[in-house]
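Undergrad: The structure follows.
The values are calculated or read from the model by the stated rules, or taken from the named source; none is laboratory data. Just so we're clear, the structure is a prediction, and the values are computed from it rather than from any experiment. No Cβ is skipped: glycine too gets one built from the backbone with ideal geometry, and neighbour counts run over all protein chains shown.
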Amino acid sequence: MQRTILHCDLNNFYASVECVKNPHYKDTPLAVTGNPKKRTGVILAKNTLAKSLGIKTGDVIWKAKQVCPNLICVSPDFPTYAKYSNLVKQIYLRYTDHVEPFGIDECWLDITNSLKLFGNAFNIANRIKEDVKNELGLTISIGMSFSKMFAKLGSKLAGNNEINIITKSDYKEKIWHLPVEKLIFVGKRRLQQFKKMNINTIGDLANFDKEILIEKYGVNGEYLIKIANGMEPDKVANFNNLKTVKSIGNGTTSIVDIDNYKQAKQVIVYLCESVAKRLREQGFMSMCVHFSIKDNLFNTISHSKSFDTPTNNADDLAKHCLDIFSYCWNFTKNTTLIRAIRISATSLISDKQTFQTNFLINNNEIEKKNKKDKTLDFIKNKYGDSKIKRALLLNASHINCEISDDFFEKFEE
């Protein structure tokens with residue numbers, strides 16, 4: 001049976017939510033922005049009016065103000081965005097349980113088995129669009145097709161609050177002329193490689209010699225050709241099976257470029273405390289930590305390191321991250337400075353799960369760490385994170401506390 005897949009993309013999501021919260025912003029050019037004093041002063045999202053005036057996501061605020069002097073700038077309200085994102089998903093779930101999120105503002109829906117219940121595919125897409133607008137005041141662009149990738153491309157080609165249908169009879173006309181980088185699996189590095197192979201459009205990729213791509217990219221080469229032809233086998237996941245958390249991370253952009261070890265250590269310890277606390281709150285332990293650095297030329301270095309035994313302790317995370325940092329960064333040799341640091345705890349297991357311990361580790365020390373963590377969590381939850389901190393973190397004014405959150409990195413397009 002041919003699949004019918006929708007890709008629903010909320011229009012100008014952050015800014016649209018702000019306009020729903022504050023209706024007087026509806027007819028005003030508005031942008032959701034970072035904090036210019038903390039080097040996150042860029043446009044994260046803009047409403048339709050601001051977009052029509054030339055405001056672009058990623059513009060620095062001062063530049064946007066030159067384009068539109070009366071631009072209203074508001075700080076992001078991530079908890080509210082998450083709330084609206086969940087409300088939209090509940091609408092999607094009325095029509096199918098195969099709802100797969102892709103970021104906070106996009107979802108794939110497989111409605112193949114819903115057609116007998118709700119009528120033809122276009123009617124279902126239109127009902128979803130109307131439900132979201134009438135109940136939440138938000139608009140969505142919907143792409144409809146027989147493959148996940150073509151449905152996503154369809155939503156990008158659709159206008160605000162419109163439905164774009166791509167079928168097996170017209171996908172070559174609608175899709176193959178698009179730049180190959182429109183496919184989400186084609187990043188900057190692969191795009192450079194493709195251009196050397198004269199693969200410039202999706203059609204070029206679809207018709208390229210499969211054996212050459214397999215030789216260069218292995219099974220991924222064949223997979224890329226299948227995607228370009230709408231033949232990818234990927235299914236839309238069942239929403240009820242998406243509850244598994246794969247990693248818990250945190251990152252921050254320093255207010256000033258980091259040029260010495262002490263400052264870097266302060267940021268690393270601060271982030272490790274945050275990640276460890278979230279691991280404990282969500283009932284997880286980590287078997288591996290992933291550490292990445294972005295310098296002031298926006299180059300990224302990243303490494304991972306495994307633990308001997310699972311942990312959700314900040315000291316354990318920090319020790320591994322500092323080991324990685326010492327291995328991959330040298331302030332006396334590097335010609336650039338550090339702009340941002342990110343830490344992710346991966347290979348998660350439940351803290352209720354049994355596991356093999358390392359006989360060289362002192363269990364009394366582990367128990368002391370656990371008691372200390374519980375005490376610190378109690379104090380911070382009751383009185384606030386700022387009421388108790390390590391001596392190392394005193395006077396660490398370069399740490400950008402306000403934006404060290406996973407949500408902040410999910411910029412809108």
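Undergrad: Where the second residue is outside any strand (DSSP E or B) and buried (at least 21 other Cβ atoms within 10 Å of the Cβ) and the first is modelled with pLDDT under 85 and lies in the stretch 342-353, which pairs have Cβ atoms under 7 Å and are six or more apart or on separate chains?
TA: Within 7 Å, the pairs are 351/312.
Undergrad: Could you say which residue among 129, 133, 83, 116 is under 19 Å from residue 44 (Cβ atoms) and either surrounded by fewer than 19 Cβ atoms within 10 Å (Cβ to Cβ) or not polar (S, T, N, Q) (or both)?
TA: Only one candidate passes the filter, namely 83.
Undergrad: Something else about it: Kindly check whether there is at least one residue in the stretch 143-165 that is among the β-branched types (Val, Ile, Thr) and modelled with pLDDT of 95 or more.
TA: Scanning the stretch 143-165, I find at least one residue that is among the β-branched types (Val, Ile, Thr) and modelled with pLDDT of 95 or more, so the answer is yes.
Undergrad: Turning to a different aspect of this structure: For the structure I just gave you, tell me whether residue 62 is at pLDDT 90 or above and among the aromatic types (Phe, Trp, Tyr).
TA: no
Undergrad: A further question on this structure: Name the residues in the stretch 240-286 that are touching a Lys or Arg at 6+ places or on another chain (Cβ under 6 Å) and within 30 Å of residue 97 (Cβ to Cβ), would you?
TA: 248
Undergrad: Which residue, of 291, 331, is within 22 Å of the chain's Cα centre (by Cα) and of a type in the set (Phe, Trp, Tyr)?
TA: 291
Undergrad: Where residues in the stretch 72-127 are within 19 Å of residue 164 (Cβ to Cβ), part of a helix (DSSP H, G or I) and of a type in the set (S, T, N, Q), which of them is farthest from the chain's Cα centre (by Cα)?
TA: For the stretch 72-127, the residue satisfying everything is 123.
Undergrad: Can you tell me which residue in the stretch 314-335 is nearest to residue 277 (Cα to Cα), limited to those that are in a helix (DSSP H, G or I) and aromatic (Phe, Trp, Tyr)?
TA: In this case the residue turns out to be 325.
Undergrad: It is to be established whether one or more residues within the stretch 48-57 are closer than 24 Å to residue 252 by Cα, at pLDDT below 90, among the basic types (Lys, Arg) and in a loop (DSSP other than H, G, I, E, B).
TA: Checked the stretch 48-57: at least one residue is closer than 24 Å to residue 252 by Cα, at pLDDT below 90, among the basic types (Lys, Arg) and in a loop (DSSP other than H, G, I, E, B).
Undergrad: Could you pull out every one of the helices (runs of 4 or more DSSP H) wholly within the stretch 150-220 that has 1 or more residues that are among the polar types (S, T, N, Q) and out of contact with any strand residue (DSSP E or B) (no Cβ under 7 Å at 6 or more places or on another chain)?
TA: 188-196
Undergrad: Return the only residue of 36, 23, 29 being surrounded by 18 or more Cβ atoms within 10 Å (Cβ to Cβ), more than 30 Å from residue 111 (Cα to Cα) and either modelled with pLDDT of 90 or more or in contact with a helix residue (DSSP H, G or I) (Cβ under 9 Å, 6 or more places away or on another chain) (or both).
TA: Within the list 36, 23, 29, the selection yields 29.
Undergrad: So, one more: Please go through the stretch 223-240 and give me each residue that is in a helix (DSSP H, G or I) and surrounded by 15 or more Cβ atoms within 10 Å (Cβ to Cβ), ordered by number.
TA: Residues satisfying the conditions are 223, 224, 225, 226, 227, 228, 239.
Undergrad: When you check residue 151 against the structure, is it within 22 Å of the chain's Cα centre (by Cα) and either surrounded by fewer than 18 Cβ atoms within 10 Å (Cβ to Cβ) or not assigned by TED's automatic domain parsing to the domain that holds residue 2 (or both), yes or no?
TA: no
Undergrad: Of the numbered conditions (1) over 21 Å from residue 14 (Cα atoms); (2) surrounded by 14 or more Cβ atoms within 10 Å (Cβ to Cβ), residue 173 fails exactly one; give the number of that condition.
TA: (2)
Undergrad: So, one more: Given the structure, is residue 146 among the aromatic types (Phe, Trp, Tyr), crowded, with 23+ Cβ neighbours inside 10 Å and in the same structural domain as residue 16 (by TED's automatic domain parsing)?
TA: no
Undergrad: Any residue in the stretch 239-253 that's within 30 Å of residue 91 (Cβ to Cβ): show its pairings with residues that are modelled with pLDDT of 85 or more and in a loop (DSSP other than H, G, I, E, B) at Cβ separation under 8 Å, as long as the two are six or more apart or on different chains.
TA: Between residues of the stretch 239-253 that are within 30 Å of residue 91 (Cβ to Cβ) and residues that are modelled with pLDDT of 85 or more and in a loop (DSSP other than H, G, I, E, B), the close pairs are 239/93; 239/97; 239/98; 240/97.
Undergrad: Same structure, new question: In the stretch 43-102, how many residues are closer than 30 Å to residue 241 by Cβ and without any contact (Cβ under 8 Å) to a residue 12 or more places away in the chain?
TA: Counting residues in the stretch 43-102 that are closer than 30 Å to residue 241 by Cβ and without any contact (Cβ under 8 Å) to a residue 12 or more places away in the chain gives 4.
Undergrad: I need a count of the residues in the stretch 259-313 that are assigned to a strand (DSSP E or B) and either among the small types (Gly, Ala, Ser) or not assigned by TED's automatic domain parsing to the domain that holds residue 379 (or both).
TA: 5
Undergrad: Given the criterion surrounded by 20 or more Cβ atoms within 10 Å (Cβ to Cβ) and in contact with a helix residue (DSSP H, G or I) (Cβ under 7 Å, 6 or more places away or on another chain), identify the matching residue among 194, 208.
TA: After applying the criteria, what remains is 194.
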